[in-house]
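The values are calculated or read from the model by the stated rules, or taken from the named source; none is laboratory data. Nothing here was measured: the structure is a model prediction, and the numbers come from that model. Glycine gets a Cβ as well: all are built from the backbone with ideal geometry, and neighbour counts include every protein chain shown.
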Amino acid sequence: MMKEQSLWRKIQSVLLIARAYSRQHAQSLAALEEVYIKHCPKQDCREETTSTLSISRFGSVFKVHQKSYLYEELVKEETWMATYGWQSSGHLIEIGGDRYLIFDPLHKVAYLEDSSDLKSTTLNFYNQI
């Protein structure tokens with residue numbers, strides 16, 4: 001009888017973990033459909049800049065659209081292809097590059113790690129709109 005209860009507790013624990021993981025995975029997939037913004041006002045930066053990130057499906061991969069604005073005028077636009085990774089909290093990995101976009105659905109934030117400049121790695125924080 002004790003072994004049966006122990007087995008049921010283990011099964012229940014595994015099911016709770018699987019449920020929590022699938023909920024987190026679903027939230028990360030939903031976060032892919034949002035738009036993210038990073039604003040740097042003039043008092044914090046040399047110039048007033050704004051950057052946006054948006055993601056769209058492209059078959060089984062994703063297109064990440066990155067736009068940078070200087071005083072509300074578009075100055076740079078990049079698009080890169082990425083695959084979805086389900087480990088941790090869900091993230092996009094640039095195909096053939098060095099960028100990682102990590103989602104934090106709970107805090108409505110996306111973290112963009114960019115190592116494409118061989119000299120350094122930058123980490124930018126984008127807030128969900």
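Worth pointing out:
- Close pairs from region 71-95: first without any contact (Cβ under 8 Å) to a residue 40 or more places away in the chain, partner among the aliphatic types (A, V, I, L, M) and not in a strand (DSSP E or B), Cβ under 9 Å, at least 6 apart: 80/95; 81/95; 82/95; 83/95
- Per the listing 90, 97, the residue uniquely touching a Ser or Thr at 6+ places or on another chain (Cβ under 9 Å), more than 19 Å from residue 34 (Cβ to Cβ) and surrounded by 12 or more Cβ atoms within 10 Å (Cβ to Cβ) is 97.
- Spans of strands (runs of 3 or more DSSP E) in region 11-122 with at least 3 residues at pLDDT below 90 and touching a strand residue (DSSP E or B) at 6+ places or on another chain (Cβ under 7 Å): none
- Condition broken by residue 48, with the remaining ones in (1) touching a Pro at 6+ places or on another chain (Cβ under 9 Å); (2) more than 18 Å from residue 125 (Cα to Cα) satisfied: (2)
- Residue pairs whose Cβ atoms lie under 9 Å apart, sitting 6 or more positions apart in sequence or on different chains, and linking a residue in region 1-28 that is surrounded by 10 or more Cβ atoms within 10 Å (Cβ to Cβ) to a partner that is modelled with pLDDT of 90 or more and among the hydrophobic types (A, V, I, L, M, F, W, C), are 27/103; 28/103.
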